[in-house]
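Structure first, then comments.
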Amino acid sequence: MNQLPVKRRRGRPPKFSAASYQNTRDALIQVGLGVLTEKGYSYTGIDEILRQAGVPKGSFYHYFDNKEAFGAALIEAYGRFFANKLERSLSDSNLSPLARIQAFVDDARAGMHRFGYRRGCLIGNLGQEMAALPESFRSLLREVFQDWEARVARVLEEARQAGEISGHTEPEQMAKFFWIGWEGAVLRAKLEQSPQPLDQFAEGFMALVRSC
C-alpha cells in the first residue's frame, strides 16, 4: 500500500544531519565570499546567494539568524582563508624574508588577474562600507587586520635580524603601513583593471623598508 507523505508542520525547519547542515552552511559562506568580494555587502541580496548556492528560498534562516550574522561569519571565514594564503608565502623558508613578502604580492597579483580584477579584498571592501554596516562588524574587521599586520611584522623582524633592512626599522609600524597601502593598491587595481598599482606599491614599500 502506498503511504501518504508525512506533512511537516508549517514553520518548522526540515531535519538535517550534522554533515548536511554543515555542508550547506559552508556552501552559503563560499558563495557569499565570492559575491561580496565583487559587489560588497550593501549591494548583495540574500536571494542571489541562495540561488547561486542552490539552497531553497526561505531556508537561509535555518543556517544564520539574520544577514548581520551571515556577514560576521563571512568576515571570520575570509580572515582565516586569507591568513592561510598569506602564510603560504610568508612561511616559505626557501626565500629570504623580503622575498616572502614579494611572493605574497605576486600570488595576490595573479589572483586578481585570474578573476579579471573584479574581486578585491573582502575586509577592505567592508571597511569602505563601514558607515552603512552593522557596528558589530567594526571590531571584527579590526581583528582581521591586526592578525595580518602581526604576520607581516614577524617577517619584517626576520628581515631586520637577517640584515635585509635597517636595525632602526620598526616592524609593527611598517606592517601597518603595508596593509594601509596594499588595500589602496587593490582598490586602484580593480578600478584600472591593471596590476600596475600593486606593482608600484610593492616596489615603493620595498624601497622604503630598505632605506629606513
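The values are calculated or read from the model by the stated rules, or taken from the named source; none is laboratory data. These figures come from a predicted structure and were not determined experimentally. Note that we place each Cβ from the backbone using ideal geometry, even for glycine, and neighbour counts take in every protein chain shown. Please note that ligands, DNA and RNA were not included when accessible areas were found on the heavy atoms of the full protein model with its side chains. Shrake-Rupley method; radii C 1.70, N 1.55, O 1.52, S 1.80 Å.
With of a type in the set (A, V, I, L, M, F, W, C), modelled with pLDDT of 95 or more and in contact with a helix residue (DSSP H, G or I) (Cβ under 7 Å, 6 or more places away or on another chain) as the only criterion, which of 126, 50, 95 stands out? Let's see the steps before the verdict.
On the way: 126 fails: modelled with pLDDT of 95 or more; 50 fails: modelled with pLDDT of 95 or more.
Criteria check complete, one pass: 95.
Please find, among 29, 49, the residue that is open to solvent by less than 10 Å² (accessible area, probe 1.4 Å) and either assigned to a helix (DSSP H, G or I) or within 24 Å of residue 138 (Cβ to Cβ) (or both).
Being open to solvent by less than 10 Å² (accessible area, probe 1.4 Å) and either assigned to a helix (DSSP H, G or I) or within 24 Å of residue 138 (Cβ to Cβ) (or both) holds for just one of 29, 49, which is 49.
List pairs: first in region 51-75 and more than 28 Å from residue 145 (Cβ to Cβ), second among the aromatic types (Phe, Trp, Tyr) and open to solvent by less than 20 Å² (accessible area, probe 1.4 Å), Cβ under 7 Å, 6+ apart or cross-chain?
Cβ pairs passing all conditions: none.
Every residue, every condition in (1) closer than 22 Å to residue 97 by Cα; (2) in contact (Cβ under 8 Å) with a residue 40 or more places away in the chain, yes or no:
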position	(1), (2)
127	no, yes
139	no, no
184	no, no
210	yes, yes
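Answer yes or no: is there a residue in region 157-179 that is modelled with pLDDT of 95 or more and within 25 Å of residue 32 (Cβ to Cβ).
Yes: region 157-179 contains one or more residues that are modelled with pLDDT of 95 or more and within 25 Å of residue 32 (Cβ to Cβ).
Within region 54-73, take every residue that is in a helix (DSSP H, G or I) and among the aliphatic types (A, V, I, L, M) and give me the one that is nearest to residue 125 (Cα to Cα). Even if it seems obvious, please write down each step before you answer.
To start, the set of residues in region 54-73 that are in a helix (DSSP H, G or I) comprises 60-62, 67-73.
Next, only the ones that are among the aliphatic types (A, V, I, L, M) stay: 69, 72-73.
Numbers: 69: 18, 72: 14, 73: 16 Å.
Step by step, filter region 54-73, then rank; the result is 72.
Please list, ordered by first then second residue, the pairs with beta carbon atoms under 7 Å, 6 or more apart or interchain, first in region 99-114 and at negative phi, second acidic (Asp, Glu).
Taking only residues 6 or more apart or on different chains, the pairs are 100/92; 103/92.
Go through region 95-212 and tell me which helices (runs of 4 or more DSSP H), entirely inside it, have 3 or more residues that are open to solvent by 30 Å² or more (accessible area, probe 1.4 Å) and more than 17 Å from residue 79 (Cα to Cα).
Answer list for region 95-212: 97-114, 136-161, 171-192, 196-211.
Let me spell it out: the conditions are (1) closer than 22 Å to residue 42 by Cβ; (2) surrounded by fewer than 16 Cβ atoms within 10 Å (Cβ to Cβ), and residue 80 meets all of them except one. Which number is the exception?
Failing condition for residue 80: (1).
Just checking, how many residues over region 32-45 are open to solvent by 20 Å² or more (accessible area, probe 1.4 Å) and at pLDDT below 90?
So the answer is 6.
Just the residues that are among the aliphatic types (A, V, I, L, M) and under 13 Å from residue 99 (Cα atoms), please, taken from region 188-206.
Within region 188-206, 202, 206 meet the criteria.
Only one of 76, 87 is more than 17 Å from residue 122 (Cβ to Cβ) and modelled with pLDDT of 95 or more. Can you tell me which?
87
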